[in-house]
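Participant: Below is a structure I'd like to ask you about.
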Amino acid sequence: MPDQGPGSAQRTAAGGRRGEEDNALVAAGIARLRARGERVTPARRAVLRVLAETSEHLSAEEVLARADEIVPGMHRTTVYRAVESLGEVGLITHVHPAHGPAVYHLAAALTGGAHLHTRCRRCGEIADVPADLLDDVAARLAATVGFRLQPDHAALTGLCRSCADARAAGDGGAAAPA
Ligand SMILES: [Zn+2]
Ligand SMILES: [Zn+2]
Ligand SMILES: [Zn+2]
């Protein structure tokens, strides 16, 4: 699995307890857990570190696989519960692509970077887009039908630039609706 992080955090070799303290986001997450009187378990530490060290959006399965590289041998259910509990305390969050499992990343409460997501229905790429993108739509929905839009919980679907270009170039053959 290619590690194409933006250089914010170097992945240290498996078992490196040390690397975790080097990561400000992990340290901030642990501090918040302690401040709330929550337990700081190896599984919770590992999950925070997995998500702090990548800019990718990872499924629970992928989080589990990477957490296992950090702390080998944890029970799957233990790590799943860590993912869930970190979500409940607001340190990580997830988004639902139109297809496939939910994907996780650190919450804006930790990163300061609230955003929405797009997902390409052709290549599956998930990208971050500005958090205020749908503010006008949300305001209109609230004013007209009273519906409160929460656009951060599901990805917007469509075609990424390169897939749209490829389709325009006619590479995809018949325009089969997906
Ligand atoms: Zn695409
Ligand atoms: Zn994101
Ligand atoms: Zn959900």
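FYI, it's all coordinate maths here, none of it is from the lab. If you're wondering where the values come from, they're calculated on a predicted model, not measured in any experiment. Reconstructed Cβ throughout: ideal geometry from the backbone, glycine too, with neighbour counts over all protein chains shown.
Participant: In whole Hz, what ³J(HN,Hα) sequence does the range 113-128 give by Karplus (6.51, -1.76, 1.60; θ = phi - 60°), x for Gly and Pro?
Facilitator: Computed from phi, the couplings for the range 113-128 are x, 5, 7, 9, 10, 10, 9, 6, 7, 9, 9, x, 5, 10, 10, 8 Hz.
Participant: Oh, and also: Determine the gain in length on full extension of the stretch His115-Ala31; use 0.36 nm per residue of separation and subtract their C-alpha separation, reporting nm with one decimal.
Facilitator: Going from the current span to full extension adds 27.9 nm.
Participant: Please list, ordered by chain and number, the residues whose modelled amide H lies under 5 Å from the amide H of Thr157; skip anything fewer than 5 residues away on the same chain.
Facilitator: Correct list: Arg119.
Participant: Asp152 versus Ala164, label points 7 Å from Cα toward the beta carbon: distance in nm?
Facilitator: Taking the two extended label points, one gets 2.5 nm.
Participant: Given R₀ = 35 Å, FRET efficiency for His75-Val129 by Cβ-Cβ distance, to 0.05?
Facilitator: 0.45
Participant: Under a 5 Å amide H to amide H cut-off, with H placed in plane at 1.01 Å, what residues pair with Val129 once short-range neighbours are removed?
Facilitator: Leu116, His117, Thr118
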